Each structure stands twice: as structure tokens, then as C-alpha cells.
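**Student:** I am attaching a structure below and will ask some questions about it afterwards.
What follows is calculated from the coordinates using simple rules that are stated; it is not laboratory data. Everything quoted here is computed from the prediction, not taken from an experiment. For neighbour counting, all protein chains shown are included, and Cβ atoms are generated from backbone atoms with ideal geometry for every residue, glycine included.
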Amino acid sequence: MTLPTPSLLRPLNRHIAPLALFLLLAACKIIDQTTFGAKPVPPAPDFVAEALKPGSHLPLISIRFDGTPPNYDAQLKSVLELAQTRRPDAKYHVVTVVPASGNPDKDSRAIEKGRYDVRRLEDAMTNDGIRGDDISTSARTEKGVTAREIRIYVE
């Protein structure tokens, strides 16, 4: 059995329900990725596209020789395939970079140590479809470098 609502409260109930709903919704926060601390991350820059721009000083790939021999074959192949797709006429400049010691004899010996690695890299590039005529090599010293590196630039 339900008790009849006094007639004075009926109009008040009709106005309280929408008011309560409004207050409840006003206090709610929209839940999205930022609610839990995650912030949308902007897409990473396309380094290959940057390296392929004419006059770019960004290497297509950099291989660092600081201890154990690096295993770069798979990564090199995928980067070269992508570069060839975007610029089929690309020429590649392979640069050996060694730490600058200030002693020309010591720098020359450090560059000479890397000659085998440059030949191996050139062989890997030709095996990946790059013509030997499209590859040039050079070597230089650079301050701030702590280990020998081989960098491939696109000309």
C-alpha cells in the first residue's frame, strides 16, 4: 500500500529531480585518455624523409662501434629499401667518423681500424641492391664523438 503524497510536495518533487540531475552532471568529468595521466603523443618525425632531403646533414643511418660488433644488417636493409622507394636515384656517402684526439697519427690509425667495417658495410649495401657506383666513402675526425661511427648520408 502506498501512501498518497501530500499535494504540497508533488510540485516540489517535479522540480527537484531535474535540479538534482543537473547538479550531478555538472560535477562529472568527461573521462578520456588524459584522465589517467596519458597524454597523446605527437607522431615521430620521419627521419628517413628528413635524411633524403637535398642538402640534409642528417644521416640516413648511423652505426656505432663501441665494443661488440653491431648487428645492423636487417636494419640497414629496411632503411635502404625505404630510401630506394622514395628516391631511386639516390647516391650514398659512407663516412667513417672517429673521435678527434688532436694527434694526426693517432687519428689516422683510428680511421684505418675502420676500413674493414666500411668494406663490409659497402658489401652489405650492394647485396641490398645499391650499385657500387652510387656509393662513395670518406673519413673524418669529430669532437664530441666517443667511439668510431659509420654514417650513411644521401647526396
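**Student:** So which of Lys53/Lys91; Lys53/Lys113; Lys77/Lys106; Lys106/Lys143 end up more than 24 Å apart by C-alpha?
**Tutor:** Flagged as over cut-off: Lys53/Lys113; Lys77/Lys106.
**Student:** Return Thr141, Thr146 ranked ascending by Cβ neighbour count within 10 Å, so the fewest neighbours appear first.
**Tutor:** Thr146, Thr141
**Student:** Additional query: Pull up all non-local amide H partners of Val145: gap of 5 or more, or a different chain, and H-to-H distance under 5 Å with H placed in the peptide plane.
**Tutor:** Residues meeting the amide H criterion: Ala100.
**Student:** For a quick check: sort Thr68, Thr85, Thr126 by the number of other beta carbons within 10 angstrom, fewest at the front.
**Tutor:** So the residues, fewest neighbours to most, are Thr68, Thr85, Thr126.
**Student:** What's the long-distance tail for region 45-130, i.e. % of Cα pairs beyond 14 Å?
**Tutor:** That fraction is 69 percent.
**Student:** At a 10 Å Cβ-Cβ cut-off, how would you order Leu76, Leu82, fewest neighbours first?
**Tutor:** Leu82, Leu76
**Student:** Same structure again: Explain nothing, just compute: Karplus ³J(HN,Hα) = 6.51 cos²θ - 1.76 cosθ + 1.60, θ = phi - 60°, for every residue of region 109-126 in order, whole Hz, x for Gly and Pro.
**Tutor:** 5, 5, 5, 4, 4, x, 4, 4, 5, 5, 4, 4, 5, 4, 4, 5, 5, 5
**Student:** Something else: Please list, ordered by chain and number, the residues whose modelled amide H lies under 5 Å from the amide H of Phe65; skip anything fewer than 5 residues away on the same chain.
**Tutor:** For Phe65, whose amide H was placed from the backbone, the distant partners under 5 Å are Arg148, Glu149, Ile150.
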